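Report on one structure; see the data block that follows.
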Amino acid sequence: MEELILDKKQDETRQGEAYAPAELLQKKFEQHFYIESYGCQMNFADSEVVASILQGAGFGPTRNQEEADLIFINTCSIREKAEQTVRKRLTTFKSLKRKKKTLLIGVLGCMAERLKSKFLEEEKLVDLVVGPDAYRSLPTLIEEAAGGQKAVNVLLSREETYADIAPVRLDSNGISAFVSIMRGCNNMCSFCVVPFTRGRERSRDTKSIIQECTDLYENGYREITLLGQNVDSYYYSTSQDQLPPVTFANLLEQVARIAPDLLVRFSTSHPKDITDEVLHTMANYENICKYIHLPVQSGSSRILQLMNRTYTREWYMAKVDRIRSILPDCGISADIIAGFCTEEEKDHLETLSIMEYCKYDFSYMFFYSERPGTLAARRYTDDVPEEIKKRRLEEIVALQSKLSLESNQRDIGKSYRVLIEGDSKKDKAAWKARNSQNKVVVFPKENHSYKIGDFVTVTITACTQGTLLGTIVNH
Ligand code: SAH
Ligand code: SF4
Ligand code: F3S
């Protein structure tokens with residue numbers, strides 16, 4: 001079954017057109033690694049930690065699979081389809097290994113954690129299986145694998161945050177970076193495999209986060225996205241330095257204070273944990289972008305309870321009202337699952353009506369895909385027939401398209417100060433940026449001498465469902 005996703009950010013793959021900073025690519029290394037990442041932004045951020053560890057062990061990055069001595073695939077287990085994509089990619093890598101016997105293939109990330117050494121039984125040509133908390137052991141594991149042993153480390157940790165490792169920015173435009181602030185997840189949404197693949201939630205040392213963000217700013221970066229499965233439950237406290245505990249609102253404020261021209265974004269917020277304090281902090285700092293990704297999953301309180309989301313339809317709607325009252329111009333997006341266990345037509349209609357109520361600017365929309373070992377797989381039957389899941393998802397996608405277009409139409413005539421991120425994909429004579437609400441803005445370069453990383457003011461003159469089109473305001 002094909003999944004429908006309006007904006008492909010979450011399931012996007014970046015196949016090897018990596019990649020590393022120019023100075024690193026020029027440096028001479030005897031051995032090279034190639035890494036490909038799938039899944040969420042946390043996985044992309046982890047690949048940057050892996051690149052740093054590998055570089056420390058004497059391996060240089062390459063964007064050429066044929067040149068690589070080590071091929072890593074950082075995997076995702078969130079839906080069955082994500083795993084199928086990885087298996088398909090592995091087939092290509094295995095055929096490379098048949099040609100070059102010394103090539104080592106390593107599977108990293110969530111699928112490695114879910115399947116553990118079973119992976120080696122299923123995929124004979126894989127040499128290393130390394131879970132998300134075990135990347136520090138990569139150099140040792142590589143040695144073992146080079147010596148002909150199969151190498152596995154899938155130990156989950158309660159402490160590991162890779163706080164002291166400076167990530168090697170892969171695939172970067174030199175302007176926008178992702179910074180991991182926590183790992184794991186303590187929520188037990190019944191459909192979700194993440195608590196099993198990523199382990200217990202733990203927050204990263206505040207000082208190391210601020211240091212990393214400050215370094216990025218000093219190196220020319222102008223946009224930072226703070227990452228976690230549930231950023232609002234960030235909580236860092238240590239008995240050593242007698243400082244008060246740091247909440248997500250405190251952290252956000254500290255990052256925003258680094259510099260007024262550093263844009264700050266974050267993802268993902270769980271509706272149950274986002275506080276008024278966070279909303280007020282967002283209101284107080286112009287450089288904190290007015291955008292919240294607030295996954296709803298379903299509009300039916302009965303289904304939400306089965307999903308173990310710990311809020312009801314009414315509670316979620318009140319949270320959206322609260323956001324709109326404190327931050328009237330805030331963009332809101334959602335994740336939505338169609339066809340969860342026992343979902344009936346009336347539950348589905350409630351999902352459609354909550355979408356109308358919340359007027360999401362955009363959404364990530366999925367079919368329910370049963371994941372082995374999850375609460376839902378153990379307790380409930382995946383009983384909504386495939387064609388019904390598909391039809392409901394199509395209705396959700398159609399409604400979101402309408403809402404996205406209406407939302408963009410409301411922006412025509414408004415002006416936004418935006419950070420130039422790069423060329424527009426379709427037109428090299430136009431720039432691409434995103435406004436505070438995280439909407440893509442495209443505008444002609446004209447005769448101005450602006451460059452990537454500059455801020456410009458753009459007036460919106462037209463739109464499509466996915467993009468705002470504008471012109472630079474002449475001063
Ligand atoms: N931590 C984030 C979401 C991480 S997973 C949060 O809590 O919001 C991203 C999205 O994938 C989820 O929000 C959910 O909509 C979807 N998802 C997770 N498990 C799924 C499954 N088994 N089938 C279909 N979609 C799923
Ligand atoms: Fe999964 Fe729920 Fe945790 Fe998000 S909050 S990662 S959906 S268990
Ligand atoms: Fe996938 Fe793991 Fe992220 S399952 S969505 S890569 S946390």
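Only residues that are in contact with a helix residue (DSSP H, G or I) (Cβ under 6 Å, 6 or more places away or on another chain) and β-branched (Val, Ile, Thr): list them for the stretch 212-243, please. Matches in the stretch 212-243: Ile224, Val231. Within the stretch 257-272, the presence of at least one residue that is out of contact with any strand residue (DSSP E or B) (no Cβ under 8 Å at 6 or more places or on another chain), buried (at least 19 other Cβ atoms within 10 Å of the Cβ) and touching a residue at least 12 places away in the same chain (Cβ under 8 Å) is confirmed. Residues in the stretch 273-321 that are at positive phi and in contact with a strand residue (DSSP E or B) (Cβ under 8 Å, 6 or more places away or on another chain): 1 in all.
Looking at Leu108, is it crowded, with 18+ Cβ neighbours inside 10 Å, more than 16 Å from ligand 1 (Cβ to nearest atom) and not assigned by TED's automatic domain parsing to the domain that holds Gly228?
Values: crowded, with 18+ Cβ neighbours inside 10 Å: yes; more than 16 Å from ligand 1 (Cβ to nearest atom): yes; not assigned by TED's automatic domain parsing to the domain that holds Gly228: yes.
Answer is yes for this residue.
When each of Glu446, Glu387, Glu406, Glu421 is tested for being within 27 Å of Asp335 (Cβ to Cβ), out of contact with any helix residue (DSSP H, G or I) (no Cβ under 9 Å at 6 or more places or on another chain), surrounded by fewer than 21 Cβ atoms within 10 Å (Cβ to Cβ) and not assigned by TED's automatic domain parsing to the domain that holds Asp329, the lone residue that passes is Glu421. Exactly one residue among Ser52, Ser77 is within 16 Å of ligand 2 (Cβ to nearest atom), of a type in the set (Ser, Thr, Tyr) and either free of Cβ contacts under 8 Å to residues at least 40 places away in the same chain or not assigned by TED's automatic domain parsing to the domain that holds Gly373 (or both), and that residue is Ser77. In summary, helices (runs of 4 or more DSSP H) completely within the stretch 179-281 and bearing 3 or more residues that are within 16 Å of ligand 1 (Cβ to nearest atom) occur at 194-198.
A count restricted to the stretch 291-302 and to residues that are within 16 Å of ligand 2 (Cβ to nearest atom) and either surrounded by fewer than 23 Cβ atoms within 10 Å (Cβ to Cβ) or part of a loop (DSSP other than H, G, I, E, B) (or both) stands at 5. The residue that is farthest from Ala68 (Cα to Cα), counting only those in the stretch 137-152 that are under 27 Å from the mean Cα position of the chain (by Cα) and surrounded by fewer than 19 Cβ atoms within 10 Å (Cβ to Cβ), is Ser137. Residue by residue through the stretch 369-384, note down the ones that are surrounded by 12 or more Cβ atoms within 10 Å (Cβ to Cβ) and part of a helix (DSSP H, G or I). Result: Leu375, Ala376, Ala377. With the condition kept exactly as written, say whether any residue in the stretch 429-447 is over 25 Å from Lys402 (Cβ atoms), assigned to a loop (DSSP other than H, G, I, E, B) and in contact (Cβ under 8 Å) with a residue 60 or more places away in the chain. Checking the stretch 429-447: not a single residue is over 25 Å from Lys402 (Cβ atoms), assigned to a loop (DSSP other than H, G, I, E, B) and in contact (Cβ under 8 Å) with a residue 60 or more places away in the chain.
Identify all residues within the stretch 319-345 that are outside any strand (DSSP E or B) and closer than 18 Å to Phe266 by Cβ; write none if there are none. Selection gives Lys319, Val320, Arg322, Ile323, Ile326, Leu327, Asp329, Cys330. Out of the residues in the stretch 50-89 that are under 20 Å from Leu104 (Cβ atoms) and small (Gly, Ala, Ser), which is farthest from ligand 1 (Cβ to nearest atom)? Going through the qualifying residues, I end up with Gly58. Number of residues in the stretch 33-49 that are over 19 Å from Phe266 (Cβ atoms) and within 16 Å of ligand 1 (Cβ to nearest atom) equals 2. Quick one: would you say Glu17 is modelled with pLDDT under 95, touching a helix residue (DSSP H, G or I) at 6+ places or on another chain (Cβ under 8 Å) and not in a strand (DSSP E or B)? No, not satisfied.
Give Leu120, Leu70 a once-over and let me know the one that is under 30 Å from Glu370 (Cβ atoms) and not assigned by TED's automatic domain parsing to the domain that holds Arg200.
Within the list Leu120, Leu70, the selection yields Leu120.
Comparison of Glu201, Glu212, Glu160 shows that the only residue that is more than 16 Å from ligand 3 (Cβ to nearest atom), surrounded by 18 or more Cβ atoms within 10 Å (Cβ to Cβ), at pLDDT 95 or above and under 25 Å from Ser237 (Cα atoms) is Glu212. Of (1) assigned by TED's automatic domain parsing to the domain that holds Val179; (2) more than 19 Å from Glu223 (Cβ to Cβ), Ser300 satisfies all except one. Which? The one condition Ser300 does not meet is (1).
Give the residues of the stretch 339-389 that are away from ligand 2 (no atom under 16 Å from the Cβ), closer than 18 Å to Ala82 by Cβ and of a type outside the set (Asp, Glu), sorted by residue number. Selection gives Gly339, Lys389.
Taking the criterion of being under 12 Å from Pro271 (Cα atoms) and surrounded by 20 or more Cβ atoms within 10 Å (Cβ to Cβ), the residues of the stretch 305-318 that qualify are Arg309, Arg313, Tyr316. When the strands (runs of 3 or more DSSP E) confined to the stretch 56-155 are screened for residues that are under 30 Å from Phe191 (Cβ atoms), those reaching at least 2 such residues are found at 70-75, 104-109, 128-130, 151-153.
The values are calculated or read from the model by the stated rules, or taken from the named source; none is laboratory data. This is a predicted model, so every value here is computed, not measured. We place every Cβ from the backbone using ideal geometry, glycine too, and count neighbours over all the protein chains shown.
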